[in-house]
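Mind having a look at this structure? Questions to follow.
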Amino acid sequence: DGGITQSPKYLFRKEGQNVTLSCEQNLNHDAMYWYRQDPGQGLRLIYYSQIVNDFQKGDIAEGYSVSREKKESFPLTVTSAQKNPTAFYLCASSIGPKGYGYTFGSGTRLTVV
Amino acid sequence: DQQVKQNSPSLSVQEGRISILNCDYTNSMFDYFLWYKKYPAEGPTFLISISSIKDKNEDGRFTVFLNKSAKHLSLHIVPSQPGDSAVYFCAATAYSGAGSYQLTFGKGTKLSVIP
């Protein structure tokens, strides 16, 4: 079955540590995205990538970094510079530059203690 | 500046009745609109969409209406079922430069369908 896999489902980290969230897709989609969901805030775009080895900042990129070395993979690193990292993180992909028709992963809940 | 607004954080509807979820937008460049449904601790799933050249799109119990002059769209669910209880996100897409498009999401409306 084609889809997007995010791992792990739940992640706990100590304050000040970097942590990397995994996102893998087997849909052969060109574009991939990372969103953050906070209560009452909806979905906010962190980073997106239209093609391999290229990515752009979204609305709330500060404190995050990404890489896109393979079409299938778009990992997100939450660095110690992110002031409020505890959130629900969603990865998505779409078939091409036209952004509609996103497929989302099941999300990773990151809790920083 | 929030370009896609869902002004009702929550909505309760009796089973079998109509649910109407509303969404307003400010960016006149938006050309495609979507609704996503999301259960807790899961990713959103696509529900229904509409192009800016249409004013209505129907799929089973779900109908989306678009009023471009008012920059308003709505999602109608008839009849509402308990399994429809979820958070519904309105989203819109527009060209964002460098050959790319992005989805902009509203904050969501939590629908509760009461049996």
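Taking the condition among the polar types (S, T, N, Q) and either under 29 Å from B:K5 (Cα atoms) or at pLDDT 90 or above (or both), does A:S65 pass?
Numbers: among the polar types (S, T, N, Q): yes; either under 29 Å from B:K5 (Cα atoms) or at pLDDT 90 or above (or both): yes.
So A:S65 fits the description; yes.
Say we look at segment A:22-37 and pick out the residues that are outside any loop (DSSP other than H, G, I, E, B) and more than 13 Å from chain B (Cβ to nearest Cβ); which of these is nearest to A:S7 (Cα to Cα)?
Of the residues in segment A:22-37, the ones outside any loop (DSSP other than H, G, I, E, B) are A:22-25, A:31-37.
Then drop every residue that is not more than 13 Å from chain B (Cβ to nearest Cβ), which leaves A:22, A:24.
Values: A:S22: 5, A:E24: 9 Å.
By that ranking, first place goes to A:S22.
Find the residue count for segment B:1-25, including only residues that are of a type in the set (D, E) and either assigned to a strand (DSSP E or B) or within 13 Å of the chain's Cα centre (by Cα) (or both).
Keep residues of segment B:1-25 that are of a type in the set (D, E), which gives B:1, B:15, B:24.
Filter again for either assigned to a strand (DSSP E or B) or within 13 Å of the chain's Cα centre (by Cα) (or both), leaving B:24.
Final tally of qualifying residues: 1.
Also, quick follow-up: Could you check A:R13 against (1) within 11 Å of chain B (Cβ to nearest Cβ); (2) touching a residue at least 24 places away in the same chain (Cβ under 8 Å) and say which number it fails?
All conditions pass for A:R13, except number (1).
If you don't mind, there's one more thing I want to ask. Do you know which residues across segment B:26-83 are away from chain A (no Cβ under 14 Å), in a loop (DSSP other than H, G, I, E, B) and either under 22 Å from B:S112 (Cα atoms) or of a type in the set (S, T, N, Q) (or both)?
Correct list: B:T26, B:S28, B:G60, B:R61, B:S69, B:V78, B:P79, B:S80, B:Q81.
Which one of these does A:Q41 not meet: (1) modelled with pLDDT under 90; (2) within 9 Å of chain B (Cβ to nearest Cβ); (3) touching a Ser or Thr at 6+ places or on another chain (Cβ under 9 Å); (4) on the phi < 0 side of the Ramachandran plot?
In the conditions (1) modelled with pLDDT under 90; (2) within 9 Å of chain B (Cβ to nearest Cβ); (3) touching a Ser or Thr at 6+ places or on another chain (Cβ under 9 Å); (4) on the phi < 0 side of the Ramachandran plot, A:Q41 misses (3) alone.
Same structure, new question: Within segment A:38-58, track down each residue that is in a loop (DSSP other than H, G, I, E, B) and over 13 Å from the mean Cα position of the chain (by Cα). Walk me through it before giving the result.
First, pick out the residues of segment A:38-58 that are in a loop (DSSP other than H, G, I, E, B): A:39-41, A:52-53, A:58.
If the condition is that a residue be in a loop (DSSP other than H, G, I, E, B) and over 13 Å from the mean Cα position of the chain (by Cα), then A:P39, A:G40, A:Q41, A:V52, A:N53 are the ones that fit.
Would a scan of segment A:70-82 turn up a residue that is among the polar types (S, T, N, Q), part of a loop (DSSP other than H, G, I, E, B), over 23 Å from B:A94 (Cβ atoms) and free of Cβ contacts under 8 Å to residues at least 60 places away in the same chain?
Residues of segment A:70-82 that are among the polar types (S, T, N, Q), as a first pass: A:73, A:77, A:79-80, A:82.
After this cut, where a residue has to be part of a loop (DSSP other than H, G, I, E, B) as well, the list is A:79-80, A:82.
Next, only the ones that are over 23 Å from B:A94 (Cβ atoms) stay: A:79-80, A:82.
Still in the running and free of Cβ contacts under 8 Å to residues at least 60 places away in the same chain: A:82.
For segment A:70-82, residues among the polar types (S, T, N, Q), part of a loop (DSSP other than H, G, I, E, B), over 23 Å from B:A94 (Cβ atoms) and free of Cβ contacts under 8 Å to residues at least 60 places away in the same chain: present.
The values are calculated or read from the model by the stated rules, or taken from the named source; none is laboratory data. None of these values were measured; they are calculated from a predicted model. Cβ atoms come from the backbone with ideal geometry, glycine included; neighbour counts cover every protein chain shown.
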